[in-house]
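The values are calculated or read from the model by the stated rules, or taken from the named source; none is laboratory data. Remember, it's a predicted structure, so these values are computed and weren't measured experimentally. With ideal geometry, Cβ positions are generated from the backbone for all residues, glycine too; neighbour counts draw on all protein chains shown. Each accessible area value is taken on the protein alone, full model and side chains, heavy atoms only, with ligands, DNA and RNA left out. Shrake-Rupley method; radii C 1.70, N 1.55, O 1.52, S 1.80 Å.
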Amino acid sequence: MQIKYNDVEEEYKKKLDKLFGVENCLIEVNPGNILLPPKYEEIGERILNLEVKFDDVWLVSYPRTGSTWAQEMVWCIINNLDYEGAKLLSQFRAPLLELTALFGNDKREWKNALGNSVEQVENMPSPRCIKTHLPWDLLPTQLKIIKPKIIYVARNPKDISVSYFHYCNLIHDFHGTYEDFCELFLHGKKGIASTRYEKIIWETFRHFAYLFMRINIKKRNYEYVTAPVGNIWKHVSEFWKRRHEPHILFLKYEDMKKNHKQTIAQVSEFLGKKFAEEEINGLIEHLSFSKMRQNPAINLEPILEKMYDSVERENAENKFIRKGQVGDWRNYMSNELSEKFDEMNEKYWNDIDLFFDN
């Protein structure tokens, strides 16, 4: 498979550049039909051809699903609750595979200390804990062949939209409102020139097939979504439909919040680990929201201090780990906007019986 990179349609590009304050900030990447910084073109093929090891553990999710929380849990379980080792910045022990591309539009020198994220993964000793937000189609080809352990974390899209909006404000200098962000999140853009031509050809073929052969050919749906990191509903669906495969564990953030102890036991069993009651309680304490928010190895404060001045760092909203609440979307969404999310949930997930607590 070959990855295709395309410039974003001019009208939509201007909108994105204005919202993120960077010229030519995103390109379209296929398969997956997602938007990523142009830097991804330098590492996309390298990721696709990455050597996958059987004892790898992959943590996959859409952004802002509680994946940082899950990442710390998984790393600690794999490494037998090595809290001393957990003091190392999370990117150096459980790297986000595509981080180099995600920070690609930031030209400041601070990011050089992070190194190349793909190279970090390549050089890590086994067993490796690897995190990614990439959709199924852009993951390493060997992942489908070697089949290492994969833990997928999902969350109610409404809560994700709120958390992702604040994250983009903090890390990517997003200039728009929450409603602007939700417009990207829900709709992105519809159609490009090539798909419009394809539609004309296909509809003409359908017409003649019926006219001369009385054959009814199903109409194609040409509406598609392109938003940063892609369509969340498709992203989640790819793993939900594979959840019964023995090497895949599908977790919901809401279930993790509801019964963290049970989740730790479930993940430990999946990874072939067993801990005493006292050890599990110690892990629960290590993963508590207050501890996570104060932990410089996880909360990105060492990085954020290089990005922002001390006054900005005092802003309560301006944190990588914000609230961790279920249902925070109610503080942001109008009824009309909430209904639009409900429509997308129904469109993509009703037929596959995937639901989230509100």
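Any residue at all in region 10-29 that is polar (S, T, N, Q) and at negative phi?
Of the residues in region 10-29, the ones polar (S, T, N, Q) are 24.
Those still in the list that are at negative phi too: none.
The answer is no; no qualifying residue exists.
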Looking across region 125-137 at residues that are in contact with a helix residue (DSSP H, G or I) (Cβ under 7 Å, 6 or more places away or on another chain) and not in a loop (DSSP other than H, G, I, E, B), the single one that is surrounded by the fewest Cβ atoms within 10 Å (Cβ to Cβ) is 136
Those residues of region 27-47 which are at pLDDT below 95 and open to solvent by 20 Å² or more (accessible area, probe 1.4 Å) amount to 30, 31, 32, 33
All-but-one check, residue 75 against (1) part of a helix (DSSP H, G or I); (2) at pLDDT 95 or above; (3) touching a Phe, Trp or Tyr at 6+ places or on another chain (Cβ under 9 Å), failing number (3)
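Is it true that residue 147 is basic (Lys, Arg) and modelled with pLDDT under 95? Break it down stepwise before answering.
Working: basic (Lys, Arg): yes; modelled with pLDDT under 95: no.
So residue 147 fails the test.
Can you tell me which residue in region 93-113 is surrounded by the most Cβ atoms within 10 Å (Cβ to Cβ), limited to those that are over 20 Å from the mean Cα position of the chain (by Cα) and part of a helix (DSSP H, G or I)?
111
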Reported set for region 57-90 where residues are open to solvent by 10 Å² or more (accessible area, probe 1.4 Å) and among the small types (Gly, Ala, Ser) is 66, 85, 90
Every listed condition ((1) modelled with pLDDT of 95 or more; (2) over 30 Å from residue 23 (Cβ atoms)) holds for residue 88 save (1)
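How do the helices (runs of 4 or more DSSP H) wholly within region 173-291 filter down when requiring 1 or more residues that are of a type in the set (A, V, I, L, M), surrounded by 15 or more Cβ atoms within 10 Å (Cβ to Cβ) and modelled with pLDDT under 95: which remain? Before the answer, list the steps.
Details: elements: 178-186, 193-213, 232-240, 253-258, 260-270, 277-286.
Per the criteria, 178-186, 232-240, 253-258.
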